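One structure is given below, encoded as structure tokens.
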Amino acid sequence: MQLVVGRIGRAHGIKGEVTVEVRTDEPELRLGPGAVLATDPAAAGPLTIESGRVHSGRLLLRFEGVRDRNAAEALRNTLLIAEVDPQELPEDPDEYYDHQLMDLDVVLADGTEIGRITEISHLPSQDLFIVERPDGSEVMIPFVEEIVTEIDLSEQKAVIDPPPGLIDDSEAEVASSREVSEDES
């Protein structure tokens with residue numbers, strides 16, 4: 001099974017290094033020296049990691065055969081794809097690979113069906129489940145412990161305890177309101 005583990009950013013310096021937006025919880029395993037990665041677009045790869053380092057909080061990689069800034073810049077926005085055994089599990093029991101979560105049924109604690117996970121969006125602050133409702137609409141569920149209370153892979157379900165308004169707009173509560181006087185408008 002293929003998993004996207006990173007996206008190449010801009011060139012760094014003049015010796016062929018690139019910044020990498022990491023898209024894996026295990027960069028030391030997936031993005032270490034010697035790793036051979038497929039690419040999207042496929043014509044850019046495969047790429048073999050020659051070396052890597054962290055500089056100012058960013059991962060910098062150098063690939064075999066990429067020796068200057070122009071060659072590095074030509075790789076910009078290329079996705080890095082690792083081949084992963086579908087049976088492989090993350091080391092931490094509370095972590096999951098995207099392919100494990102795709103197509104899980106999303107239900108409330110009482111068993112009420114909400115929908116099915118069709119996509120996982122990785123944002124800087126948190127991950128989101130994109131859930132397709134039975135009526136075809138979509139709802140976004142933050143993948144945080146306070147909302148997603150249980151992931152049961154054997155039952156193929158994710159149990160959620162959403163705050164009011166997350167699933168149904170009619171349940172939304174207004175946290176604060178302020179009347180606008182006529183001289184303010």
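Before moving on, here are some points about what is shown:
- Förster radius 41 Å - calculated FRET efficiency between D168 and E21 (Cβ-Cβ, nearest 0.05): 0.75
- Backbone HN-Hα couplings from phi across segment 18-23 [Karplus 6.51/-1.76/1.60, Hz, Gly and Pro as x]: 10, 7, 9, 7, 6, 10
- Distance between the 7 Å Cα→Cβ label points at S121 and D105: 2.6 nm.
- Rounded to 5, percent antiparallel among DSSP beta bridges of segment 67-161: 80 percent
- Amide H to amide H, with H built 1.01 Å from N, G45 comes under 5 Å of T39, counting only residues 5 or more places away or on other chains.
- Calculated FRET efficiency for the pair E28/I130, C-beta based, R₀ 35 Å, to 0.05: 0.75
- Annotation: amide H-H contacts under 5 Å for T78 (H modelled 1.01 Å from N, sequence separation of 5 or more, or interchain): I8.
- Counting only protein heavy atoms and a 1.4 Å probe, the chain has 62 square angstrom of accessible area per residue.
- Counting protein heavy atoms only, the chain has 46 percent of its accessible area on carbon and sulfur, 1.4 angstrom probe.
- Model label sites at V4 and D40, defined 7 Å from Cα along the beta-carbon direction, differ in position by 0.5 nm.
- Karplus 3J(HN,Hα) series, Hz, for segment 136-142 with 6.51 cos²θ - 1.76 cosθ + 1.60 (x for Gly, Pro): x, 6, 10, 9, 9, 10, x
- Here the calculated FRET efficiency for E138 and N77, from their Cβ-Cβ distance with R0 = 22 Å, stands at 0.25, rounded to the nearest 0.05.
- Computed extension length for R53-D85: 8.9 nm, one decimal, from 0.36 nm per residue of separation with the Cα-Cα distance subtracted.
The values are calculated or read from the model by the stated rules, or taken from the named source; none is laboratory data. Predicted model only: the values in this text are computed from it and were never measured. Neighbour counts run over all protein chains shown; Cβ positions are idealised from the backbone, glycine included. Only protein heavy atoms, including side chains, enter the accessible area calculation; ligands, DNA and RNA are left aside. Shrake-Rupley method; radii C 1.70, N 1.55, O 1.52, S 1.80 Å.
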